[in-house]
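Colleague: Right, I'll just put the structure down here and ask away after.
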C-alpha cells in the first residue's frame, strides 16, 4: 500500500510501514507535538510486538507527572520513574523515555547497558539522537523544525527544499513519515489505516507494488 507524492513533476510511491519490522530490541524515536497521536502509535507498536497483548513490563521514564498520567489512558501494567533505575529497567521489556533532558550520549549509554529492551524515545521537539533503528515523524507546520529534522537526519540524502516537500506530502492527513535508519529507506504509517482505506477515493493511497525508495537515488 503506497502513498503517491509528486516531487519535481515526478510521481513516487512510498510504501506503508509494517510494524512487524520492529524487533524486541529496536531503538525507536518518535517526534511530534502534543496531541498528534504519539501515544496511540506507541500502543500500536507495543501491541504488535507482544503478540497482540497491549503491553508487558512497560516502564515510563519521565520527569513530568503530567505526561506520565496521560499514558494511563493508553497502556496498562506500567511503571513510572523519574530517574534511570537499573533495577526497574532490568524488569521491564519496553522502555519509554518521555522528553529526556539528557543528551544523546547519555541516552545511548543507558541503552547500551540494557540492550535487550525495546526503547521508545518520545520528543516534542526535533533533536539529534544517535544509533536509532526507526524514526517516526508526525506533521509539523513550523519550517524551522523542517530544517532541524533535515539537518539532523536527512542532510546527506537530499536538499532541504526537497525534504520539506516530502515531509509535507507524506504527513498530511495524520500520516507519519518513517525512516528506517539501518536500511536508509523511507516509509509512511498511519495508526488509523483502516479508516483511511475506507475514504481513499482520491487515489492518494493505492494498492501498488511493494516498492521501497532508497536514498539518495529517488531524488
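Here, each number is a calculation from the coordinates, and none is a lab measurement. Here the structure is a predicted model, which means the values were calculated and not measured. Note: ideal-geometry Cβ built from the backbone for every residue, glycine included; neighbour counts use all protein chains shown.
Colleague: How far is it, in nm, from the label point at residue 25 to the one at residue 85 when both lie 7 Å from their Cα along the line to the Cβ?
Modeller: If labels sit at residue 25 and residue 85, their model points lie 2.5 nm apart.
Colleague: Calculate the all-directions average of the projected area of the range 23-123's alpha-carbon convex hull, and give it in nm².
Modeller: Values: hull surface 23.0 nm².
Result: 5.7 nm².
Colleague: Now a separate question. Could the peptides 130-143, 37-50 be put in order, highest first, of the mean number of other beta-carbon atoms found within 10 Å of their residues?
Modeller: Values: 130-143: 17.0, 37-50: 19.7.
Answer by packing, highest mean first, reads 37-50, 130-143.
Colleague: So, in Å, what gap is there between the alpha-carbon centers of the range 84-104 and the range 133-152?
Modeller: Centre-to-centre distance over Cα atoms comes out at 23 Å.
Colleague: Sort 158, 58 so the one with the fewest other Cβ atoms within 10 Å of its own Cβ comes first.
Modeller: Ascending Cβ contact count within 10 Å gives the list 158, 58.
Colleague: Which peptide among 92-98, 74-80, 119-125, 144-150 comes first, and what is the full order, when sorted by highest mean count of other Cβ atoms within 10 Å? If you can, show how the numbers build up before the last one.
Modeller: Details: 92-98: 22.6, 74-80: 15.4, 119-125: 19.7, 144-150: 17.6.
Going from most to least packed, we get 92-98, 119-125, 144-150, 74-80.
Colleague: How high is the relative contact order of the range 23-123, in percent, counting Cα pairs under 8 Å that sit 6 or more residues apart?
Modeller: Computed value for the range 23-123: 38 percent relative contact order.
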